[in-house]
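The values are calculated or read from the model by the stated rules, or taken from the named source; none is laboratory data. These numbers come from a predicted model, not from an experiment. Reconstructed Cβ throughout: ideal geometry from the backbone, glycine too, with neighbour counts over all protein chains shown. With ligands, DNA and RNA removed, areas are computed over all heavy atoms of the protein, side chains included. Shrake-Rupley method; radii C 1.70, N 1.55, O 1.52, S 1.80 Å.
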Amino acid sequence: ICMLLIKIQPLSYDAFRKYGEYIDLLDDRALASASVFPQAFFADVLSLNFGGSLPPTVSVCQLRRTDRAIVHFLEYHRHTCEGILPLDTDVILFVGVPEMGKLSARFIEAFRVPKGTFVRLNPLIIHGSLFSIEESGHSLCLLSGRTFANDMEMKVLSEDEKLELIGE
């Protein structure tokens, strides 16, 4: 039997460049060099062209556990679904529906999402920063490209509007 032997090589940018691109979603330094957002959120670090006008992009959230899970802001997207995948820690995700199109904390619920569980948020679902169960972690976020510039309603909460998410 004649069999072609192919040597397995380490993944490197130079060797893989002709096939596509990759990024280590758990390497905070690599993520920081690929994003224009401030620390802890690395937007559009990789795009996926499926032939549409705005290709989906991969973003990564760097998560830290805090003593108290305080919600400081709310956001939603009018036309865009959002995919969330906790990679290396369970997370607390809060969600809700807008009240007459307004960002309001009135109908918020919170859920513990196990790592490795992919969540799709429909358009118009209020959400915001995830909270890590472990000391630190990462979560992958899939959105249409440029969603943060084109399809995001956001509200920073005043001190008396902030929410605290409490234990299960």
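Numbers below:
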| item | result |
| --- | --- |
| Selection count where residues are closer than 14 Å to residue 138 by Cβ and assigned to a loop (DSSP other than H, G, I, E, B), scope the range 87-98 | 4 |
| Filter result for the condition that a residue is of a type outside the set (Lys, Arg) and under 25 Å from residue 28 (Cβ atoms), over 90, 160 | 90 |
| Subset tally (residues that are assigned to a loop (DSSP other than H, G, I, E, B), open to solvent by 30 Å² or more (accessible area, probe 1.4 Å) and not aliphatic (A, V, I, L, M)) for the range 99-119 | 8 |
| Failed criterion for residue 134 (all others in (1) open to solvent by 70 Å² or more (accessible area, probe 1.4 Å); (2) over 19 Å from residue 62 (Cβ atoms) hold) | (2) |
| The range 115-137 residues that are in contact (Cβ under 8 Å) with a residue 12 or more places away in the chain and under 19 Å from residue 96 (Cβ atoms), paired with ones that are basic (Lys, Arg) and surrounded by fewer than 19 Cβ atoms within 10 Å (Cβ to Cβ) (beta carbon under 7 Å, 6 or more apart) | 123/78; 124/78 |
| Meets criteria (more than 28 Å from residue 46 (Cβ to Cβ) and assigned to a strand (DSSP E or B)) for residue 84 | no |
